[in-house]
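Okay, structure first, notes after.
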Amino acid sequence: MSTAIPIAGEKTWYNTFNDLIRQNLDVYMRLETDAHAMEIFRPDLVPGLFQTADYARALNRIYFPKDSEEEQDRRIELKLQRQKIITRKKSPISVDLILHESALRSMVGNEVVMAAQLRHLADLSTRPNISIRILPFRAGFPLGMAVGPFVILDFKPDIKGVADPTVIYVENFTGDAYLEGESDVDKYRKAFATIQHAALDVVASRALLRQVARRDS
């Protein structure tokens, strides 16, 4: 059975950052680089592909308190390099992001950092390959329970029309999981569709992002 999970140790563009990449994240980064389309749900904070440098730095200073300034700078450089897959001119990855409203209201850094981050999200949402929807507080729990962050990664067919299988990436504090089973993929696709149906549309979401950004300015 074919698999989309890359082989550990394969040479990649981010090899020079290997000392900063936690175990198992290199697998995700290869999948992210190779993906054709992604669906992302974050109930907590802005995902890495969409973070401003200041937002990322504020989180990194807490999560990596022992890092030197040079290491902190390199972490930001790595993140900005990763983000090119959604902003490049040639064949950018298509991304559908659903972000819970709590991510807009939870303070990272300070008011200036948050306002800039929300404006950045609003600006990115105008790109044709990016859709950003906000799941508002009033939507409650569309699945009847709390659901953690996950990413659905789809891959483009090769010249023979064969594509690597879809991978579900589930992130948590102590480790990550990669799911390829048909039932798992189907369950997460249905979950994403349900959450998306409960979220604001892209226009209303952009308006909310800009509204909260003005309050934080």
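Restricting to segment 117-129, name every residue that is open to solvent by 40 Å² or more (accessible area, probe 1.4 Å) and either of a type outside the set (D, E, K, R) or assigned to a loop (DSSP other than H, G, I, E, B) (or both). Reasoning before the result, please.
First pass over segment 117-129, keeping only residues open to solvent by 40 Å² or more (accessible area, probe 1.4 Å): 119-120, 123, 126-128.
120, 126, 127, 128 - these are the residues of segment 117-129 that are open to solvent by 40 Å² or more (accessible area, probe 1.4 Å) and either of a type outside the set (D, E, K, R) or assigned to a loop (DSSP other than H, G, I, E, B) (or both).
Which condition number in (1) open to solvent by 30 Å² or more (accessible area, probe 1.4 Å); (2) within 18 Å of residue 48 (Cβ to Cβ); (3) not charged (D, E, K, R) is the one that residue 110 fails?
(2)
With the requirement that a residue be among the acidic types (Asp, Glu) and under 17 Å from the mean Cα position of the chain (by Cα), what does segment 92-135 give you?
Within segment 92-135, the subset among the acidic types (Asp, Glu) is 96, 101, 111, 123.
Selection gives 96, 101, 123.
Looking only at segment 95-107, which residues are assigned to a strand (DSSP E or B) and buried (at least 19 other Cβ atoms within 10 Å of the Cβ)?
95, 97, 98, 99, 100, listed by residue number.
The values are calculated or read from the model by the stated rules, or taken from the named source; none is laboratory data. Remember, it's a predicted structure, so these values are computed and weren't measured experimentally. Positions of Cβ are generated from backbone atoms using ideal geometry, with glycine treated the same way; all protein chains shown enter the neighbour counts. When the accessible area is computed, the model is the full protein with side chains, heavy atoms only, and any ligands, DNA or RNA have been set aside. Shrake-Rupley method; radii C 1.70, N 1.55, O 1.52, S 1.80 Å.
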